[in-house]
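Input: a single structure, listed below in structure tokens.
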Amino acid sequence: MEFDLLPVWISLKTAFTATFIAFFLGIAAARWMVHYRGRGRDLIDGLFILPIVLPPTVIGFALLLFFGNNGPLGRLLLRLGQTVIFSWSATVIAASVVAFPLMYQTARGAFEQVEANIEDAARTLGASEWTIFWKITMPLAWPGIAAGTVLSFARALGEFGATIMLAGNIYGKTQTIPVAIYLAVEAGQMGKAYGLVFVIICISFSVIMALNYLKKRQRIGAHRH
């Protein structure tokens, strides 16, 4: 049986795109929460982290209600002649939602470890908030942010429940590696399932090695300082 690489390509394309989205949204949300002291802070934080503890099928169901033809955003998209469900965009949305909490939580922890005195000193020297964030905060928090990015990618790559609910199983369009493995096992195509499992294990192991490398670099940097 010829090995099918199409689900691998779709999964990688989806995971990279979702990680890109989760990276910027997670950093923005984390930076805002570090400085936010208003009402409902714990509630907002809980909502950001909620996708971690919810079953993926519940997340997929919620996304289906929101983006479906009868959902608020779904109706708006229909008026524009667009639809999200059962499209590649749906796989990206599902993967982004489940990857976001990991990026947010890790980035928030990294930002909280940055000494406020360093940022305050830059302010007294006339540096703008934008300059302080990109020249001081981000470099100091980067090891943690990089680790969050790796974890977000791994989570996006392995997403199954929310994807199958929102994007379905369309070969060459929304069929990712986890979906393809599930269907191959159901169909008794164990050779195909073994091949896909091997591929995703290799990718996941590479992600773990990258994360360990980042942690090692972080420890070396801490010892130097």
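How many nm is it between the label spots at Ala210 and Trp130, if each spot is 7 Å from the Cα in line with the beta carbon?
So the label points at Ala210 and Trp130 sit 2.9 nm apart.
Would you tally the net charge around Pro101, using a Cβ to Cβ cut-off of less than 14 Å, leaving Pro101 out, and scoring K and R as +1, D and E as -1? Mind dumping the intermediate values first?
Values: positive: Arg108, Arg155; negative: Asp45, Glu159.
Charge balance near Pro101 sits at 0.
Measure off 7 Å from each Cα along the Cα-to-Cβ vector at Tyr194 and Arg41, then give the distance between these two points in nanometres to one decimal.
In this crude label model, Tyr194 to Arg41 measures out at 5.6 nm.
Under a GNM of the chain (C-alpha, springs under 10 Å), which listed residue has the highest mean-square fluctuation: Leu166, Leu43, Leu211?
Evaluated over the chain, the most mobile residue of the options is Leu43.
Using Cβ contacts closer than 10 Å as the measure, can you line up Asp4, Asp42 from fewest to most?
Asp42, Asp4
When the dipole is taken about the Cα centre of the chain, and only Lys, Arg (+1) and Asp, Glu (-1) are charged at their Cβ, what size is it in debye, to the nearest 20?
340 debye
Using a/c under 1.5 as the rounded threshold, could you call the chain rounded, prolate or oblate? The axes a ≥ b ≥ c are square roots of the C-alpha gyration tensor eigenvalues, and prolate needs a/b larger than b/c, oblate otherwise.
Since a/c reaches 1.5 but b/c is at least a/b, the shape of the chain is classed as oblate.
GNM, the chain, Cα, under 10 Å: largest mean-square fluctuation among Ser87, Ser11, Ser152?
Highest fluctuation of the listed residues: Ser87.
Just tell me, in residue order, which DSSP H segments of the chain are both 27 angstrom or longer along the helix axis (alpha-carbon based) and at least -1.0 in mean Kyte-Doolittle hydropathy. Mind showing how you got there, number by number?
Values: long enough: 6-35 (44 Å, 1.30); 88-112 (36 Å, 0.82); 138-157 (28 Å, 1.15); 190-224 (50 Å, 0.66).
The qualifying helices are 6-35, 88-112, 138-157, 190-224.
Full-extension gain between Trp32 and Arg123, please, as 0.36 nm times their residue separation minus the C-alpha to C-alpha distance.
31.0 nm
For the stretch 6-224, what is the number of Lys pairs with C-alpha distance below 22 angstrom, counting only pairs 8 or more positions apart or on separate chains?
Summing the qualifying lysine pairs gives 4.
Have a look at Arg155, Arg108, Arg123 and tell me which one the Gaussian network model of the chain (Cα, springs below 10 Å) gives the largest fluctuation.
Arg123
For each of Ile145, Ile132, count neighbouring Cβ atoms within 10 Å of the residue's Cβ, then give the residues from fewest to most.
With the sparsest Cβ surroundings first, the list reads Ile132, Ile145.
No value in this document is a laboratory result; all are computed from the given coordinates. The model shown is predicted, which means the values in this text are computed figures rather than measured ones. Backbone-built Cβ (ideal geometry, glycine too); neighbour counts: all protein chains shown.
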